[in-house]
Amino acid sequence: KTALNGDGDGRGVSQISAVLETKERNNVTITPPPVKIVALVGEESVSPLKSAPWEEVMLHTANRLKWVDEGFEMDVFSDNIILSDQSKVDILGKKLSQTDILMIVAVTNQETISWIQGNSKNIPNIICFESSPALTNKLGGLSLHTEVKGNLFSKVGSILQVKNTNESKEIAQTVSEAWNRRNSDDIRFCILVIINAYIRPVSILQNLRSKGFSTLNCMVQNCGSQVLNCLLDPNCRNALQCLNNCSPIDQVCNYRCIASYESPALEAFSLCVLQKHNCLQLDAKIPEKPYVPPMESFRGQDLSHDIAEDLFIGWLGSLNWSWRVVAGQNPAYDQFPCQYQLFYRGKAKGSFWYEPVFQVSTLEGQLVWRRRRYRVKRWKIPATFYFSVLDNGVVSKEFWTIVDVADDLSWGLFHYSGAAQVAGQSYTGAVLVSPNGEYPDETQKEKLVSSLEKCGIKEWELFMVDNCSCQDPPLGIPDGSSLHSKIEVEPKQQSSV
C-alpha cells in the first residue's frame, strides 16, 4: 500500500506494513500493535439514538470494536475534562500524543476547542461530527477542507485540498453516508473504515470490488451468458449500477440495491460469478463475537431441541404467522417494514424451515413484498441453530440463538451472526418479535433489557419496524408441514395485517 503522508507525524499504512496482520514466523506469533482511538464528546450532549447520551454511545462503541479486533482500543472522554484538574488534562494529553484516530462529537465549548487545536497537530486522523467549524478534519495526515466546516462529512463533494486523493474522497463519502444513517452499527463502521484505509487492514472489511484482470477473466470465461443477460435485463443492470455506486464494504447500501432490483437475471449472474466461481476471490466467515448464551428453560422446564423449535414456530396455527418483528438492530437486514416470520417443520423427517416475508421500499419509491426460504439445522445446544439461504444467487449462512421468549409468548428475542462468504460480507443482528408487532409493555422492560444485554445490545440501538401498511402479505406454508410438538399456544385474536 502507498502511504498517505501529510502534515501528520508519519504514522500510517507504510510504517506498519510489516505487521499488517498476525503471521507465523519461526513459530513466533507476531501481533500488530494496537490501534489507539480517542473519542472526545461534548458534556451532556445527546445523540439521535433515542436521545442516549453521546458519551454512553461512544463507550458502547468502544466495547463493540473489541468484537472485531481486541487490538482496537478506544478511550472515551467528556470535554468537561479540559475544565477539570490538571492531572486529568495531562492524562488526556498523553492519550492524544499516542492516538491514531481522534473522534470529536458534539464539541462546541470554545475553551475545549482551543485546547484541541493546540494538542492535536500530530494526530494523523481527526474526524469531527456535529462540532465547531473551527476544528480541523484530517485523513491519513491530510487536512480536509469543506464548505460546511466542523463536520467533515456534511458535503464530501466539496473537499477542496488539491493534494487529496480520489481514495480519500471515496472513504469520506462512505463514512458520510454511514454516519448520517444514525445507528450504532454505522458509527462503529465509520471508525473501521478509517482504520482499514490508513492504519491496518480490518478483517471484516476485506471486500474489494474487483481483483482486476483476474476477476474479468473469470467472469468472461465462466459466466459470459449470465453477464450478457444481466446487462440486457433492466432490473439486473440497475442493480449492478446501484452496487457500483456503493462502497463495496457498505452492507446497508449494497443490500438495499439487491432488494430493490432483484430479478431472475440478477440471481443467475450472482450464482455464477460469485457462488459457483467466486470471481471476486472473497471469503467472509461468521463472526465469533459476541457470544450470546441461549435460554435454558421455558415455563420451568429445561429446554429441549423440540421445545426450542416450537418457540420459533410461535403463534403459527393460532395466527397466520409465527411472529412479527417489532424492532431490529442490524441496519442492513432488520429495517424492512412489515416483517412476518414463518417457522415450520417440513414433510421430511427432521427438516425445519424459516421463511421471512417482508416489504421493501425500493430506491424507485415502490413498496414490494419479498420472501426468503432458509433451511434450519439444530446445533448441539438447544435454542441454537444454523440457518442457510440462497439469497439472490448467494448463499448466506447464519448462527441463530433464541435468547429469550416470554412464558405467555407475548414477545421473544432472537440473535444471529452470519456471513455471505463469496460476497465478503459478515454481520450480526437481533430481532425483537411479538405476535402482533407491538412492543412489549412496561412490565416486561427489565427482563427485555437484561436479554438485550446478553447480546451486547442497548435498547436505544433498536429501531422500530414500520408495521402500519401491511396489507395482503404473501403468507402460507407448504402442504404437509407440521407445527408444535411440545408446547401449547393459547388461541389469540388475529390482528389485522
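Each residue of region 234-249 is assigned a 3J(HN,Hα), and the resulting list reads x, 5, 5, 4, 5, 4, 5, 5, 5, 5, 5, 8, 8, 4, x, 9 Hz, derived from the Karplus form 6.51 cos²θ - 1.76 cosθ + 1.60 (θ = phi - 60°), x at Gly and Pro. For region 370-375, putting each phi into the Karplus relation 6.51 cos²θ - 1.76 cosθ + 1.60 with θ = phi - 60° gives couplings of 10, 8, 10, 9, 9, 8 Hz, in residue order, rounded to whole numbers and with x for Gly and Pro. Peptides 88-94, 34-40, 238-244 ranked from most to least packed give 34-40, 238-244, 88-94, packing being the mean of other C-beta atoms within 10 angstrom over each peptide's residues. Residues whose amide H falls under 5 Å from that of L316, counting only those 5 or more places apart or on a different chain, are S322, with hydrogens built in the peptide plane.
Sequence-distant contacts, meaning Cα pairs under 8 Å at least 6 residues apart, place the relative contact order of the chain at 12 percent.
Please compare each pair in K36/K458; K289/K397; K289/K380; K349/K486; K276/K380; K289/K445 to a cut-off of 27 Å on the Cα-Cα distance and tell me which ones are over it. From the list (K36/K458; K289/K397; K289/K380; K349/K486; K276/K380; K289/K445), the Cα-Cα distance tops 27 Å for K276/K380. Computed over protein heavy atoms with a 1.4 Å probe, the carbon and sulfur contribution to the accessible area of region 297-464 reaches 48%. Over the chain, the pair-distance histogram of Cα-Cα distances with 10 Å bins from zero comes to 4, 17, 26, 25, 18, 8, 2, 0 percent, rounded to whole numbers. Treating r as the C-beta distance of S84 and A134 and R0 as 25 Å, the FRET efficiency rounds to 0.70. Once you order the gyration tensor axes a ≥ b ≥ c over the Cα atoms, which shape class does region 341-497 get: rounded for a/c under 1.5, otherwise prolate or oblate by comparing a/b with b/c? Cα axes put region 341-497 in the rounded bin. Pairing the Cα long axis of helix 213-232 with the longest principal axis of the chain, what angle in degrees results, from 0 to 90 and rounded to the nearest 10? So the inclination is approximately 50 degrees. Report, in deg cm²/dmol and to the nearest 500, the calculated mean residue ellipticity at 222 nm for the chain, where each DSSP H run with n ≥ 4 adds -39500 (n - 2.57) and the sum is divided by the residue count. Helices in the chain give a 222 nm mean residue ellipticity of -8500 deg cm²/dmol.
Taking amide hydrogens as placed 1.01 Å from N in the peptide plane, the amide H of S47 sits under 5 Å from those of A52, W54, each at least 5 positions away in sequence or on another chain.
Solvent-accessible surface of region 53-106, taken per residue with a 1.4 Å probe and all protein chains present: 41 Å². One decimal place: the segment Q301-S203 gains 31.2 nm when fully extended, by the rule 0.36 nm per residue minus the C-alpha distance. Among the cysteines of the chain, those with no neighbouring cysteine Cβ under 4.7 Å are C128, C190, C455, C468.
Can you bin region 212-276 into rounded, prolate or oblate? Criterion: square roots of the alpha carbon gyration tensor eigenvalues sorted a ≥ b ≥ c, rounded for a/c under 1.5, prolate for a/b above b/c, oblate for the rest. Because a/c hits 1.5 or more and a/b fails to exceed b/c, region 212-276 counts as oblate. Scanning residues 5 or more positions from A327 or on other chains, those with amide H under 5 Å from its amide H are L432, V465, with H placed 1.01 Å from N in the peptide plane. Peptides 288-294, 132-138, ordered by how many other C-beta atoms sit within 10 Å of their residues on average, highest first, read 132-138, 288-294.
Relative to one another, the C-alpha centroids of region 254-317 and region 67-97 are positioned 39 Å apart. Placing +1 on the Cβ of every Lys and Arg and -1 on the Cβ of every Asp and Glu, with nothing else charged, gives region 297-464 a dipole about its Cα centre of roughly 880 debye.
Relative to the Cα centre, the charge distribution of the chain, modelled as +1 at Lys and Arg Cβ and -1 at Asp and Glu Cβ, gives a dipole magnitude of about 1640 debye. Estimated at the nearest 10 Å², the accessible area of D479 is 130 Å² with a 1.4 Å probe. Compactness check for region 419-497: Cα Rg over 2.2 N^0.38 Å is 1.46. In order along region 47-56, phi translates into HN-Hα couplings of 8, x, 7, 6, 6, 5, x, 4, 4, 5 Hz, rounded to whole numbers, per the Karplus curve 6.51 cos²θ - 1.76 cosθ + 1.60 with θ = phi - 60° and x for Gly and Pro. Under the rule a/c < 1.5 gives rounded, and otherwise a/b versus b/c splits prolate from oblate, where does region 62-148 land using the Cα gyration tensor? Oblate, since a/c reaches 1.5 and b/c is not below a/b.
Our estimate of slack between N436 and R370, defined as 0.36 nm per intervening residue step minus the Cα-Cα distance, is 21.8 nm.
Ranking A348, I381, F358 by Cα position along the charge dipole of region 297-464, where only Lys, Arg, Asp and Glu carry charges on their C-beta atoms, puts A348 farthest toward the positive end. Compare the Cα positions of Q281, H60, I199 along the charge dipole of the chain (+1 at Cβ of Lys, Arg; -1 at Cβ of Asp, Glu; about the Cα centre) and return the one farthest towards the positive end. Toward the positive end, the furthest listed residue is Q281.
The values are calculated or read from the model by the stated rules, or taken from the named source; none is laboratory data. Note that the structure is a prediction, hence the values are computed from the model and not measured. Note: ideal-geometry Cβ built from the backbone for every residue, glycine included; neighbour counts use all protein chains shown. Accessible surface is based on the protein model in full, side chains and every heavy atom, while ligands, DNA and RNA are left aside. Shrake-Rupley method; radii C 1.70, N 1.55, O 1.52, S 1.80 Å.
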